[in-house]
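Report on the structure given below.
Please treat every number below as a calculation from the coordinates, not as lab data. Remember, predicted model here, so these are calculated numbers, not experimental data. Backbone-built Cβ (ideal geometry, glycine too); neighbour counts: all protein chains shown.
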Amino acid sequence: MAIAVYPGSFDPVTLGHLDIIERSAKMMDRVIIGVLKNYSKTPLFSVSERVKMLESITAHLDNVEVQSFGGLLVDFVHMNHADVIVRGLRAVSDFEYELQIAQANRVIAADIDTIFLTTNIKYSYLSSSIVKEVAAFDGNIDAFLPPLVADEMHKKFREQIVREGKEKIKR
Ligand code: ADP
């Protein structure tokens, strides 16, 4: 048994992510979810909103905690005295990128391994970007997200519609 870090953007966290979290929590002593402060992407949810949602939906898992981080993933792993990085694989397209990152991480931190969990087949198509695209066109996102996260998405898009409406009136 070991301590794992499961890093990602989680913008928003989907049922596919939650499945990986629940499965790794069974295998590990502790799982630390690392929410990436990713300055190159413009996120839909702020880091603190993402942390809060992850905390709520993992409240039933005693050995799971949520933190945010910036900078190098391996530094975050060392800081938490963790042993492994967990990543999810949906398709061959994930594999190429993930392999490259895992190998680069091994070069800069030889003591840290990356383990891959294959997706639960029912979530193999699911990504945060797909959810955002469907939501942007007012499609039904309830099958993709934990209910609490779906509610937050609906709220976010309603806020956006109101904001855009106000901007149009100003113009
Ligand atoms: P990143 O920006 O780091 O790719 P994501 O939030 O998109 O962050 O994904 C975090 C991790 O979760 C990645 O390892 C990704 O492959 C995995 N993941 C995302 N969606 C799924 C899914 N439906 N099934 C299994 N793993 C997934």
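A few remarks follow.
- By average C-beta atoms within 10 angstrom, highest first, the peptides 82-89, 12-19, 53-60, 67-74: 12-19, 82-89, 53-60, 67-74
- Exceeding the 26 Å Cα-Cα cut-off - candidates Lys26/Lys52; Lys37/Lys156; Lys52/Lys170: Lys52/Lys170
- Over the chain, Cα pairs under 8 Å with separation of 6+ residues give a relative contact order of 26 percent.
- Under 5 Å between amide hydrogens, built in the peptide plane, is the criterion, and for Leu89 it picks out Leu117, Thr118, Thr119 among residues at least 5 positions away or on other chains.
- Over the chain: helical MRE at 222 nm, DSSP H runs n ≥ 4 each giving -39500 (n - 2.57), nearest 500: -15000 deg cm²/dmol
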